Amino acid sequence: MMKELTAKEVRKVCAPESLGFESTKNLEAAPTIVGQSRALQALQFGLEIQNSGFNIYAAGLPGTGKMTAITAFLERVAKTKDTPPDRCYVHNFDDSYRPKSLQLKAGMAIQLQRDMRRLIETAQAEIRRAFESEEYVRRRDELSRAFNEKREKLFNQLNQLAHSNGFAIQVSPMGVILVPLMDGKPLSDQEVLALSPEAKEQMAKRQETIQGQIKDAMAQMRNWDREIREQVEKLDREVVQFILEVPIEELEKKYGDAPGIVEHLKAVQESIIENRDLFRSSPESAEGNPFVARAVADAFRRYEVNVLVDNTNLTGAPVVIEMNPTFNNLIGRLEKEAQFGALTSDFTMIRPGSIHKANGGYLVIRMDDILTELMAWEALKRSLRERKVIIEELAERFGFLTVKGIRPEPIPLNLKVILIGDSIYYHLLYKLDREFPELFKVKADFDSRMDRNAENVRQYAATLCSVCGKENLRHLDNTAVARIVEHSSRLAEDQQKLSTRFSEIADIIREASYWADLDGRELVNSEHISKAIEKKVYRSDLIQERIREMIERCILKIDTEGEVVGQVNGLSVIDMGDLSFGRPSRITASTAAGPEGVIDIDREAKLGGPIHTKGVLILGGIIAERYASNMPLSLSARLVFEQSYSEVEGDSASSAE
């Protein structure tokens, strides 16, 4: 049953003495999300369940403190979780096009990077020193001396054989040549041509016999040459392997429990042995030649470790808030560098995205931000669906021609994604995106209001204490808190509720702290809160003041005395975004005989909204039912909001008419 309210009933007063404290300085900061028990339970459920697809969408109006509350909640939960492993990329010695991903305990990846650099520096110095040592030179000379002795002995035998058959052996770049002899002197070409046919024939037979033996001897020398090369190579490999044996074993013991590390270290060892000439050459050999210097630097780069995610200083699980969720900022990027006019890339140029950094923890993204970025939403869904993150070029997704690049090994994914946005996004995505319901199965709905009771008021005050403490603002006395509570109910438009749009409340506290600072007060009181509210309204109520002025000057016609048939005064609510206020309006009805029925002029002029139009049509139906149930009603009534030139909307407008 409706009744007229008294002045005291219009506004519910909060007595400062009922709060039970002198100021927020005596309170403990609120530890959890205040007034959002439904959203809190959804967050706890979504974070605890480990099944695939139970990511969270936090829905609610802007200003309800979703981001601040969720971040604080996640940071508390993350401290109780295990610290995720480090991630790094290394060279793939089998296929350089596909770098390998390695996983190590938190803090170990950066150590591996330092140890590998130290290993390469040590190998360079030790290998160079070993190949320049007297012992190595002696052993190599012994191998060469034995080969040279056998070669010289065989060559002497060939010379004796050739001399006994009238030939001399001459070594040239073209090979071994037999030169005919006559009385111990070589014959010229003219002298050979001058010989008799019989002498030429005998010479050819002897030459053929000798050449066969020379051919066998040369084959034997080639075998000896191959054997000496193999022996020297074996010696070189033994030297390098001896140098690497101890440091590689130490690294295997240190990182042996990490999957793939031992295999990588063995591949590094084999690569250094195969490329020992790179390590034995002095650094000065590449000076002055940029091409050689670049080639040497690239060759040594394959032994580096690219630390993608370093969790050395992390305690618990990571909480990453991505404020700019572009495609590359989410899944990482492949950087390029120019080399002599060409763009190249390798595993050392792989850079992480926020998904890598949040792996093993939590990733928070605003829905407004990710939906405006090209391919970012699709990249996030693909990563969650496949449970792995693939670093790739955005141009390749569109089929564009790109420069030669690499395809890093995908990294397994284990994280919770929390999207923060309006409820309209949730409903649209749930209906139009068939993957969204499978990937975001938990909805945390943040309410814009909470019940106004003693317990909630105390929690509300604890939240105000948190704001003052975090932002180093002046604390509020109990009169200021009481005034905030009353204003919060006004924002909620309900005496039994409090507004949870803490961003607006926090702005008032900040401004009130400013006024208290100007007054030299230690605490903010109710006067400072009222002044902050009044000043905020004053900065935005220029239009309201102009309307009031037009009413006072009778530009807008409003009668507040007497009675007029077919005329009432109404109060239209004008919403300016940051300010809502009432504008008095005259609503007039004029009637005449005729069959038109009820005509709403605002509707006919297309200034009436759909809800207002529905109300007017219902009004016409009520009049027809009540007065024309048995016979036609001869009525032509026109309703209008006088001096109104903007859209009229709402069922209150039609009820006033």
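Being assigned by TED's automatic domain parsing to the domain that holds residue 24, among the hydroxyl-bearing types (Ser, Thr, Tyr), touching a strand residue (DSSP E or B) at 6+ places or on another chain (Cβ under 7 Å) and closer than 30 Å to residue 44 by Cα is true for just one of 466, 488. Which residue is that? Result of the check over 466, 488: 488.
Would you confirm, using the coordinates I've provided, whether residue 72 is of a type outside the set (Ser, Thr, Tyr), touching a helix residue (DSSP H, G or I) at 6+ places or on another chain (Cβ under 7 Å) and not in a loop (DSSP other than H, G, I, E, B)? In short, no. The set of residues from region 599-636 being outside any loop (DSSP other than H, G, I, E, B) and among the hydroxyl-bearing types (Ser, Thr, Tyr) comprises 613, 627, 636. Residues of region 605-632 that are within 25 Å of residue 555 (Cα to Cα) and free of Cβ contacts under 8 Å to residues at least 24 places away in the same chain: 605, 606. Contact map, region 395-407: residues that are within 17 Å of residue 332 (Cα to Cα) paired with residues that are at pLDDT below 65 and of a type in the set (Val, Ile, Thr), Cβ distance under 8 Å, separation 6+ or inter-chain. Pairs shown: 395/402; 396/402. When the residues of region 315-330 are filtered to those that are touching a strand residue (DSSP E or B) at 6+ places or on another chain (Cβ under 6 Å) and of a type in the set (A, V, I, L, M), the one that is farthest from residue 362 (Cα to Cα) is 321.
Residues of region 1-24 that are of a type in the set (S, T, N, Q) and surrounded by fewer than 10 Cβ atoms within 10 Å (Cβ to Cβ): 6 alone. Residue 480 meets the stated requirement of being farther than 24 Å from residue 60 by Cα, in contact (Cβ under 8 Å) with a residue 24 or more places away in the chain and of a type in the set (A, V, I, L, M, F, W, C). Applying the condition of being in a strand (DSSP E or B) and in contact with a Leu (Cβ under 9 Å, 6 or more places away or on another chain) to region 102-155 and asking which residue is surrounded by the most Cβ atoms within 10 Å (Cβ to Cβ) yields 102. Scanning region 413-440 for residues that are surrounded by 17 or more Cβ atoms within 10 Å (Cβ to Cβ) and of a type outside the set (Gly, Ala, Ser) yields a total of 13.
For region 336-360, enumerate the residues that are touching a strand residue (DSSP E or B) at 6+ places or on another chain (Cβ under 6 Å) and either of a type in the set (S, T, N, Q) or not in a helix (DSSP H, G or I) (or both).
Here is the first cut: in region 336-360, the residues touching a strand residue (DSSP E or B) at 6+ places or on another chain (Cβ under 6 Å) are 336, 345, 347-348, 350-352, 354-358.
Within region 336-360, 336, 345, 348, 350, 351, 352, 354 qualify.
Residues that are in contact (Cβ under 8 Å) with a residue 40 or more places away in the chain, on the phi > 0 side of the Ramachandran plot and buried (at least 17 other Cβ atoms within 10 Å of the Cβ) occur at least once in region 350-360.
The values are calculated or read from the model by the stated rules, or taken from the named source; none is laboratory data. Predicted model only: the values in this text are computed from it and were never measured. Here the Cβ is made from the backbone with ideal geometry for all residues, glycine too, and neighbour counts use every protein chain on show.
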